[in-house]
Amino acid sequence: MMDLIRRFALLVTAATTAIVLAGCSGEPTKANAAAIIGDDRISLDSVQDEVQWLLDNVPDMQQLQEQDKVSLLSRHIVQTRVRHELIGAAAQQEGLSADAGEVDELLQQVGGAEQAPSQFGVRSSRVREFASDYVLLQQLAERNLDRISVEFVGAYISGESPEQTAKEKALDLGREIAADPDQAKELAQESGTEVIDQSVTLRELASGQQTALLAASPLFSADEGTVVVTQPSPQQGSLWLVALVEDRLVGASSGGESGQPVPPQLLAQIGIQQLAPFAAEQGVEISPRFGVWDQATVAIAENEDAVASYLLPTTASSEQ
């Protein structure tokens, strides 16, 4: 569990401390702002202070500095703070609250509050906030497992060539479908792969061995009339899904669990994806020094090339 939470918290990228703290990669979106979520602002100073605290107090973070990978930590801190604001909005709308006992249990699983900064990648004063957010993400996912269903048509794209990567092939197909959504099935067939035409609930995909990761993809948070181009698993870099969301339904809450249980780690990932509507509603701006905001995955990517999912509006949806 500890390793899973650490992987959930930190994803390795590379840059120098000077670039992270001095911001040489570009001017901030607004003066002294690391990020802006709606009317809320995360100050650059507060992010710098947290980075420095972790470098001064957590040996694992000091190793990042020695390896010139502090940008990972800085980006992660901004991302957790942005998501915290979105989680708060989602919790308020859905009437969710983090159970103190579950928060305490999570902290115990990572070795207690003293070890939590190393596992979560946040300063000691924020470990309980991070753990509470993790619990709320699971609750948000549970709330939506049986409520959300999507009808989509598309295809899996794989295979690399010297002329074109699988990602490029997937984006080309996605753009073709977005330009002519009425021909989505035919265009998918022309891609030379098996056509997928499904209507499924979030829980159905989350419970499947081969499809579980799709439940944590933009497929279930994208608006109707959007073409989703995504990697079901980053570990399978040559496999992409191109899917036109023909319909997205959100029903009433069932009020209880049904069907197969979903692992806690996957629940948290699904919960992150369910923050997408709140991010779209409020608007998120990220200082270029930390990367680019990826609305599709509710995350901060190092740059445009590092984005792993795309939302392409169809001609019909863009005219609405």
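List of remarks:
- Restricting the stretch 36-45 to residues that are among the hydrophobic types (A, V, I, L, M, F, W, C) and in contact (Cβ under 8 Å) with a residue 60 or more places away in the chain leaves a set whose member that is least open to solvent (accessible area, probe 1.4 Å) is ILE37.
- Of the criteria (1) among the hydroxyl-bearing types (Ser, Thr, Tyr); (2) assigned to a helix (DSSP H, G or I); (3) surrounded by fewer than 19 Cβ atoms within 10 Å (Cβ to Cβ), which one SER161 fails: (2)
- Being open to solvent by 40 Å² or more (accessible area, probe 1.4 Å) and not small (Gly, Ala, Ser) holds for only one residue in ASP133, ASP182, and it is ASP182.
- Residue match in the stretch 141-150 (condition: β-branched (Val, Ile, Thr) and open to solvent by 10 Å² or more (accessible area, probe 1.4 Å)): no
- Check on ASP172, in a loop (DSSP other than H, G, I, E, B), open to solvent by 50 Å² or more (accessible area, probe 1.4 Å) and not β-branched (Val, Ile, Thr): no
- Conditions (1) exposed (fewer than 15 other Cβ atoms within 10 Å of the Cβ); (2) at pLDDT 95 or above; (3) not in a loop (DSSP other than H, G, I, E, B); number of the one not met by GLY112: (3)
- If you filter the stretch 72-108 down to residues that are among the aliphatic types (A, V, I, L, M) and part of a loop (DSSP other than H, G, I, E, B), you find that the one that is farthest from SER132 (Cα to Cα) is LEU96.
- Qualifying helices (runs of 4 or more DSSP H) (wholly inside the stretch 230-320; at least 1 residues being modelled with pLDDT under 95, within 24 Å of GLN209 (Cα to Cα) and open to solvent by less than 50 Å² (accessible area, probe 1.4 Å)): 264-273
- Test: residue in the stretch 184-193 that is touching an Asp or Glu at 6+ places or on another chain (Cβ under 8 Å) and without any contact (Cβ under 8 Å) to a residue 60 or more places away in the chain: yes
- Restricting attention to the stretch 85-101, the residues being open to solvent by 60 Å² or more (accessible area, probe 1.4 Å) and either in contact with an Asp or Glu (Cβ under 6 Å, 6 or more places away or on another chain) or more than 26 Å from ALA279 (Cα to Cα) (or both) number 1.
- Identity of the residue in the stretch 46-59, open to solvent by 80 Å² or more (accessible area, probe 1.4 Å) and acidic (Asp, Glu), that ends up farthest from the chain's Cα centre (by Cα): ASP56
Quick grid of which residues meet (1) assigned to a strand (DSSP E or B); (2) of a type in the set (S, T, N, Q); (3) crowded, with 19+ Cβ neighbours inside 10 Å:
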{"site": "GLY192", "(1), (2), (3)": "no, no, no"}
{"site": "ASP197", "(1), (2), (3)": "yes, no, no"}
{"site": "GLN210", "(1), (2), (3)": "no, yes, no"}
{"site": "LEU213", "(1), (2), (3)": "no, no, yes"}
{"site": "LEU219", "(1), (2), (3)": "no, no, yes"}
{"site": "ALA222", "(1), (2), (3)": "no, no, yes"}
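The values are calculated or read from the model by the stated rules, or taken from the named source; none is laboratory data. Bear in mind that the values here come from a model prediction, so they are computed numbers and not experimental data. Positions of Cβ are backbone-derived with ideal geometry, glycine not excepted, and every protein chain shown enters the neighbour counts. Side chains included, ligands, DNA and RNA excluded: accessible areas come from the protein's heavy atoms. Shrake-Rupley method; radii C 1.70, N 1.55, O 1.52, S 1.80 Å.
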